[in-house]
1. Want the number for T151 to W81: 0.36 nm per residue separation, take away the alpha-carbon distance, what's left?
2. Please list 159-172, 39-52 highest first by mean number of surrounding beta-carbon atoms within 10 Å per residue.
3. Starting at the first residue of segment 52-65, write each ³J(HN,Hα) from the Karplus equation 6.51 cos²θ - 1.76 cosθ + 1.60 with θ = phi - 60°, in whole Hz, x for Gly and Pro.
4. Quick one: V247, V89, fewest Cβ neighbours within 10 Å first, how do they rank?
5. Per residue of the chain, what 222 nm ellipticity follows from adding -39500 (n - 2.57) for every DSSP H run with n ≥ 4, rounded to the nearest 500?
6. For the chain, with a Gaussian network of springs between Cα atoms less than 10 Å apart, report the residue from A228, A218, A145 with the top mean-square fluctuation.
7. When a footprinting reagent is the concern and you count Cβ atoms within 10 Å, what order do V53, V292 take, fewest first?
8. Considering amide H positions built from the backbone, and no H for Pro or chain starts, which residues 5 or more places from D144, or on another chain, come under 5 Å of its amide H?
Amino acid sequence: MLRRHAAPLALAVAIALFPLSGATFYVELTAKIMIMAIFALSLDLLVGWTGLVSFGHAAFFGVGAYALAILSPKAAAAGLWSTLALAIVAAALCALVVGVFVLRTRGIYFIMVTLAFAQMFYFVFHDTKFGGGSDGRYVNLKPDASILGFTPFDLDKPLHVYYAVFALLLAVWIFLQLLLRSPFGRALQGIRANEQRMRALGFPVTAYKLAAFTLAGAIAGLSGYLLAAQTGFVNPEILSWHQSGNVLLMVILGGAGTPLGPVVGAFALTLMHEFFSSYTRHWQLFLGAAIVLIVLFMPGGLGHLTRRVRRSLFGGTRDG
C-alpha cells in the first residue's frame with residue numbers, strides 16, 4: 001500500500017509546501033496548473049479508462065466557466081456554493097445531451113463528432129451577446145464562499161485560491177481512484193479492452209459510456225468554473241479546439257490511464273511552455289520538439305516514470 005501511494009503522497013506534499021517559497025506569481029501559476037490537472041483528469045476518464053478519445057472536451061470546460069460569468073451579478077459577489085453547483089450541473093447536462101448523439105459513433109467518427117459539437121458551443125458564445133461575443137465576459141467580483149456567516153476562504157487572496165484548488169484536486173483524484181476500483185470502473189476498463197465481449201456478457205455498454213461521458217463533463221465544468229473564479233474573465237477561446245487539443249496533450253504526455261498521468265502531464269506541458277516562451281520567440285518549435293521526444297522515448301507517458309522509480313527503490317515487477 002505504501003509503495004503504491006508513495007508517488008502521489010510525495011507530489012501532494014510538494015504541492016502543499018510550495019507556497020512557502022513566497023513567490024506570488026508562481027503560486028498563481030501553480031494554482032492554474034492544478035485547475036488544468038482537474039480538467040485533464042476528467043478527460044482521462046474517457047481516454048485512458050473508457051477508450052473514448054474526445055476532441056471536444058473543452059466545450060464542457062467552457063460551459064462551467066461561462067456559468068459563473070453569466071450568473072455573477074455586476075454589483076455584488078455571487079455565492080460560490082450555489083453557482084458552483086449550477087455550473088457543474090449545467091456542464092453535466094450538456095455532456096449528457098451531447099453524449100446521447102456522439103456515442104452512436106466510434107473511432108475517428110467519434111473524434112470528429114465531438115469536435116463538431118464543441119465548435120457549435122464555441123460559436124454560441126462567440127457570436128451572441130449572451131456569451132459576450134469575441135470579447136468574452138468579466139466576473140466583476142470573485143464568488144463569496146461564506147457559509148452561514150462563516151467564510152472558510154477568500155478567493156481574492158491567491159494563497160486561499162491555491163489551497164482551495166489543491167483541496168479540490170485531491171478530492172477529484174481520490175474520487176476517481178475509488179470510482180475506477182469500483183464495479184462501475186472495472187466495467188469501463190472492460191469496455192475499453194473489449195467492448196463486444198462486454199456486450200456479450202450482458203453489460204449495458206452504451207449506458208456505462210454515457211455515464212462516464214456525463215461525469216467527465218461535470219468534472220470539466222468544475223475546472224472551468226475554477227479558472228473563471230481565479231482569472232475573473234472568460235472568452236470563447238476556452239471552448240476552442242486548441243483547448244481540447246492542449247488537454248489531450250496533457251493526458252498523452254502524462255500517460256493515459258495512469259493514476260498520476262494527467263496531473264504530471266498538466267505540470268509538464270505548462271512548465272515547458274513557460275520555460276521555452278521565456279527564452280525565445282520561437283518557443284513553439286522547442287515545445288513541439290520536446291513533446292515529440294517524450295512521445296518517442298517514453299510512449300507510456302511521464303506518469304510511468306513513477307512506476308520505474310518505485311521498481312528501482314523497492315524492486316519487483318508488479319505495478320501494484
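1. Length gained between T151 and W81: 24.0 nm.
2. 39-52, 159-172
3. 10, 8, 9, 10, x, 5, 5, 4, 6, 4, x, 4, x, 5
4. Neighbour counts put them in this order, fewest first: V89, V247.
5. Working: 13 runs with 221 residues, N = 320.
Dividing the helical sum by the residues of the chain leaves -23000 deg cm²/dmol.
6. A145
7. Going from least to most buried by this count: V292, V53.
8. A78, G79, L80
Read-outs: derived from the displayed coordinates by stated rules, not from any lab. For clarity, every value in this text was computed on a predicted model and none was experimentally measured. All Cβ positions, even for glycine, are placed from backbone atoms using ideal geometry, and neighbour counts span all protein chains on display.
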